[in-house]
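The values are calculated or read from the model by the stated rules, or taken from the named source; none is laboratory data. Values in this document were obtained by computation on a predicted structure and should not be read as measured data. All Cβ positions, glycine included, derive from the backbone under ideal geometry; neighbour counts span all protein chains shown.
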Amino acid sequence: MSARIRLDIAYDGTSFSGWSRQPGLRTVQGEIEAALGLVFRRSGGAPGLVVAGRTDAGVHATGQVAHLDLSAEQLQRLEWHRGEADGGVPALARRINGILGADSDIGISGSSIAPDGFDARFSAVWRRYEYRIADGAVPWNPLERHRTLRHPGTLDPARMNEAARGLLGLHDWAAYCKQREGATTIRTLQEFHWERGADGILVARVRADAFCHSMVRSLVGACIAVGEGRLEPGELAGIRDAMERTAAFAVAAAKGLTLTEVGYPPDAELRARAERTRARREPGESLTAEPRIG
């Protein structure tokens, strides 16, 4: 009997050309699928991964989710080791990590049999990200350089929060996305706020049902312009509603962005959620390509 497996994944995106497998480039999907190919080299080779959301080059993750389907033969190969330290489906994560190496910039934090109806992409009800900025109000810590944007000026988080609150809701985000032919830019922004942590770092927390290409980094870039005083908080909603790209702000760098969590409904609702999500896709949008993150 075949089975669907859920993988929980973290990675430092600094050295990757994004999530998606690309010929001649190092990607997260490519590295994991190569490791799977070694695990299952005697039983059909590498299964393909379906991910909750593709991340762009340089974007990190602590809460990425993907699924893969294993044949009966592949499951049997995992179960052959049952009773030993590395036996069964839960140990698939350890086996992948062992192939990737102790100092890898990818870590599989868990592997498990997925509930009936689970689809890493289509069953998801929201994705959450964080964006980190070290502005002029805090000393620069070089250890943060791969996951935090360094900004020389001092930003005003109160103004940035006012702008963020004004963007919430179901809207067309074409002005904040790099559009892909045939893909919808209509999304529900469920949460967006800024806070300064104990270390002084400004952290944005952003959640939506899905994000289109470059959306999070565009929202962050617009808020930086507000925090600097170059834009007024209310202008960001006006830019959104104009539905046209603008030169009023710069898209923030990828390195400050991390996917932290993907939300799913209760197990009994997974299949129905996946079917509804597929049905909502507008005509012409690919149903096989995962939503972009970044």
- Pairs under 6 Å by beta carbon, first residue under 10 Å from Ala164 (Cβ atoms) in the range 185-206, partner part of a strand (DSSP E or B) and of a type in the set (Ser, Thr, Tyr), six or more apart or different chains? Ala204/Tyr131; Val206/Tyr129
- Message: Restricting to the range 29-73, give me the number of residues that are among the polar types (S, T, N, Q), touching a Lys or Arg at 6+ places or on another chain (Cβ under 7 Å) and closer than 16 Å to Ile9 by Cβ.
- Response: 1
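Criterion first (of a type in the set (Gly, Ala, Ser), modelled with pLDDT of 95 or more and over 21 Å from Ile9 (Cα atoms)) does Gly256 satisfy it?
On the way: of a type in the set (Gly, Ala, Ser): yes; modelled with pLDDT of 95 or more: yes; over 21 Å from Ile9 (Cα atoms): no.
Criteria not met by Gly256.
Could you list all residues from the range 3-25 that are among the small types (Gly, Ala, Ser) and within 15 Å of Pro115 (Cβ to Cβ)?
Quick first cut of the range 3-25, residues among the small types (Gly, Ala, Ser) only: 3, 10, 13, 15, 17-18, 20, 24.
Matches in the range 3-25: Ala3 only.
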- Pairs, please: C-beta under 8 Å, at least 6 apart or cross-chain, first residue farther than 18 Å from Gly98 by Cα and in the range 32-48, second loosely packed, with under 15 Cβ neighbours inside 10 Å and of a type in the set (S, T, N, Q)? Ser43/Gln76
- Task: Report yes if some residue within the range 260-271 is surrounded by 15 or more Cβ atoms within 10 Å (Cβ to Cβ), touching a strand residue (DSSP E or B) at 6+ places or on another chain (Cβ under 8 Å) and among the small types (Gly, Ala, Ser); otherwise report no.
- Result: yes
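Out of the residues in the range 133-150 that are in a loop (DSSP other than H, G, I, E, B) and touching a His at 6+ places or on another chain (Cβ under 9 Å), state the one that is surrounded by the fewest Cβ atoms within 10 Å (Cβ to Cβ).
Of everything passing the filter in the range 133-150, Gly136 is surrounded by the fewest Cβ atoms within 10 Å (Cβ to Cβ).
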- Are any residues in the range 179-206 within 21 Å of Arg280 (Cβ to Cβ), out of contact with any Leu (no Cβ under 8 Å at 6 or more places or on another chain) and not acidic (Asp, Glu), and if so, which ones? Gln179, Arg180, Gly182, Ala183, Thr184, Thr185
- Pick from the range 1-19, criterion hydroxyl-bearing (Ser, Thr, Tyr) and surrounded by fewer than 20 Cβ atoms within 10 Å (Cβ to Cβ), ranking: modelled with the lowest pLDDT: Ser2
- Task: Only one of these is surrounded by fewer than 17 Cβ atoms within 10 Å (Cβ to Cβ), among the polar types (S, T, N, Q) and closer than 29 Å to Glu275 by Cβ: Ser71, Ser111, Ser104. Name it.
- Result: Ser71
- Note on the structure: Listed by first then second residue, the pairs whose first member lies in the range 140-156 and is touching a residue at least 60 places away in the same chain (Cβ under 8 Å) and at positive phi, whose partner is crowded, with 19+ Cβ neighbours inside 10 Å and assigned to a loop (DSSP other than H, G, I, E, B), with beta carbons under 7 Å and at least 6 positions apart or on separate chains, are none
